[in-house]
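Undergrad: Structure incoming, see below.
What follows is calculated from the coordinates using simple rules that are stated; it is not laboratory data. Because the structure is a prediction, the values reported are computed rather than measured. Virtual Cβ from ideal backbone geometry, glycine too; neighbours counted across all protein chains shown.
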Amino acid sequence: MISLNVDLDDRSYPILIGKNLLEKEGLLQQYITGNSALIVTNETVAPLYLDYVVNSLKNLRIKTLVLPDGEQYKNQDTLNSIYDCLLSNRFDRNTTLIALGGGVIGDITGFAAASYQRGVHFIQIPTTLLAQVDSSVGGKTGINHPMGKNMIGAFYQPKAVIADTETLKTLEDRELSSGIAEVIKYGLIRDIEFLEWLETNIDKLLNRNTVALAYAIDRSCKNKAEIVAADEKESGQRALLNLGHTFGHAIETGMGYGNWLHGEAVASGMIMAARLSEILGNISSDDVNRIIDIIERAQLPVRAPEKLSASKFIELMSIDKKVSDGILKLVLFKSVGQAIVTSDYTQEALIEAINSSY
Ligand code: NAD
Ligand code: GLY
């Protein structure tokens, strides 16, 4: 088992990565402080893994809540159903919410934990690659609004992240690729050696080679833990983790939540960011092709959806958490392997970049 630490003083917590961790008696239990827990999962993950988690816990009052599956349910109604369950079962402030699932379950359960009775304990058990390399770490929690992705939420750190790599065996290929998009992101924004490793080993990840997957999860989490420890609430470098996300969120919202997977939208968005960076003279066309190549090899989309015109993109992108005093900052490339956050681009360049992405 690999053990990493997210270093946040008295809110520090471990990320445990390994095989068959769900079945390990005592592993999850050690992070539960009260005598009750609510496990929140969804209808796809529950039949696969819920029993392992329930059976690993002893001498606790445990309830389970099985939510509908899908990005389109990461909303206020589903959040309310978690509050309903907590209240009707008289869960108190010392209870622990356990998120068992992908990023949707992790984000919504985390926000329920942040807000129920002004905050209860929270543990992440991510079961998708995307959640194991990104969403379960760092404490961003929240839901979507019909007008904008992840627009309602809170920073709220878990007590532990337990990533059982065996769960990735049941993941659909498309979901695996979606997770690889966020893995590639770390290479592109700050870890050129990791990008080079991915360029050599991408097929191993797609073939679910367990050693390669464990390495990619470990290296991704190390990158993320370092950034979060330095800038928990995104006043600086944490924004780099949003490479491709402003474009990507516009795609997810504009195409209807759930139609493009998060990683697919981010992949296409990272290429749009690369095209804008080329127009601004930061990187060369060879660099752009290198970025397209690794994304294409990961079986991710490399083109923006034609259904969203440049003006629609710009309208959707104006609702983004990187808008400050009316100015939208974007994460762009300084070079391949080094991203920057900047508002130093023109509207014309942005339109040209979008138009060259279809
Ligand atoms: P998801 O949660 O929708 O999971 C993808 C699909 O895989 C779902 O159908 C799910 O039921 C299924 N699934 C989960 N585990 C499985 C398993 N082991 N075997 C088989 N099927 C399984 O999507 P995701 O890609 O995990 O997460 C995307 C979400 O994460 C988005 O809402 C995105 O905004 C959010 N996100 C949050 C952060 C953050 O920092 N909080 C970072 C990145 C993404
Ligand atoms: N996924 C972006 C972040 O955690 O900051």
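Undergrad: Output the Kirkwood hydrodynamic radius of the range 1-89, Cα pairs only, in Å rounded to one decimal.
TA: 15.0
Undergrad: If you don't mind, another one. Binning at 20 Å from 0, report for the chain what percent of all alpha-carbon pair distances ends up in each bin.
TA: Result, from short to long distances: 32, 58, 10, 0 percent.
Undergrad: On a straight-distance basis, which lysines could pair with LYS24 in a cross-link, Cα separation under 23 angstrom, same-chain partners fewer than 8 positions away excluded?
TA: Counting by Cα, and skipping residues close in sequence, LYS24 has these lysines nearby: LYS58, LYS63, LYS159, LYS169.
Undergrad: Go ahead and collect, in residue order, the members of the range 187-231 whose backbone nitrogen is under 20 Å from a label point 7 Å along the Cα-Cβ direction of SER3.
TA: Output list for this probe position: 214-215, 217-226, 229.
Undergrad: Would you mind working out the magnitude of the charge dipole of the chain relative to its Cα centre, with +1 at each Lys and Arg C-beta and -1 at each Asp and Glu C-beta, to the nearest 20 Debye? Intermediate results must be reported in sequence, preceding the final value.
TA: On the way: 34 positive and 44 negative charges, 176 e Å.
Using only the charged Cβ atoms, the result is roughly 840 debye.
Undergrad: Given the range 67-225, what percent of its DSSP beta bridges are antiparallel, to the nearest 5?
TA: The antiparallel proportion sits near 40 percent.
Undergrad: Sticking with this one: Dividing the Cα convex hull volume of the range 197-263 by residue count, how many Å³ per residue is that?
TA: 121
Undergrad: Run the helix sum for the chain: -39,500 (n - 2.57) per DSSP H stretch of 4+ residues, divided by residue count, reported at 222 nm to the nearest 500 deg cm²/dmol.
TA: Helices in the chain give a 222 nm mean residue ellipticity of -13000 deg cm²/dmol.
Undergrad: Further, regarding this structure: Where the centre of each part is set by its Cα atoms, how far does the range 239-262 sit from the range 287-305, in angstrom?
TA: Measuring centre to centre over Cα atoms gives 16 Å.
Undergrad: At 27 Å minimum axial length over the Cα atoms and a Kyte-Doolittle cut of -0.5, report the qualifying DSSP H helices in the chain, or say none.
TA: 210-230
Undergrad: If amide H atoms are built 1.01 Å from N in the plane of the peptide, which residues on other chains or at least 5 residues away come under 5 Å of the amide H of HIS121?
TA: Hits under the 5 Å cutoff: THR95, LEU97.
Undergrad: Okay, moving on. According to a simple spin-label model (label point 7 Å from Cα along Cα-to-Cβ), what is the distance in nm between ILE192 and ASN259?
TA: For the pair ASN259/ILE192, the computed spacing is 3.9 nm.
Undergrad: On to the next question. Kindly work out what percent of the DSSP beta bridges joining two residues of the chain are antiparallel, to the nearest 5.
TA: Details: 17 of 41 bridges.
In the chain, DSSP labels about 40 percent of beta bridges as antiparallel.
Undergrad: Given an 8 Å cut-off on Cα distances and at least 6 residues of separation, report the relative contact order of the chain as a percent.
TA: 15
Undergrad: Mind checking which lysines have their C-alpha under 30 Å from LYS329, skipping anything on the same chain fewer than 8 residues away?
TA: Leaving aside lysines fewer than 8 places away in the same chain, those within reach of LYS329 are LYS74, LYS140, LYS149, LYS185, LYS222, LYS224, LYS233, LYS307, LYS312, LYS321.
Undergrad: Based on the alpha-carbon gyration tensor of the range 41-99 and its eigenvalue square roots a ≥ b ≥ c, which shape applies: rounded if a/c is under 1.5, prolate if not and a/b is larger than b/c, or oblate?
TA: Judged from the Cα gyration tensor, the range 41-99 comes out oblate (a/c at least 1.5, b/c at or above a/b).
Undergrad: Mean separation of Cα pairs under 8 Å and 6+ residues apart, divided by the residue count of the range 93-183: what relative contact order is that in percent? Walk me through the intermediate numbers first.
TA: On the way: 180 pairs, mean separation 27.1, N = 91.
For the range 93-183, the relative contact order is 30 percent.
Undergrad: Compute the relative contact order of the range 39-195 as a whole-number percentage, counting only Cα pairs closer than 8 Å that sit 6 or more residues apart in sequence.
TA: RCO, the range 39-195: 19 percent.
Undergrad: Another one. May I ask you to give the average projected area over all directions of the convex hull of the Cα atoms of the range 137-214, in nm² rounded to one decimal?
TA: 6.8
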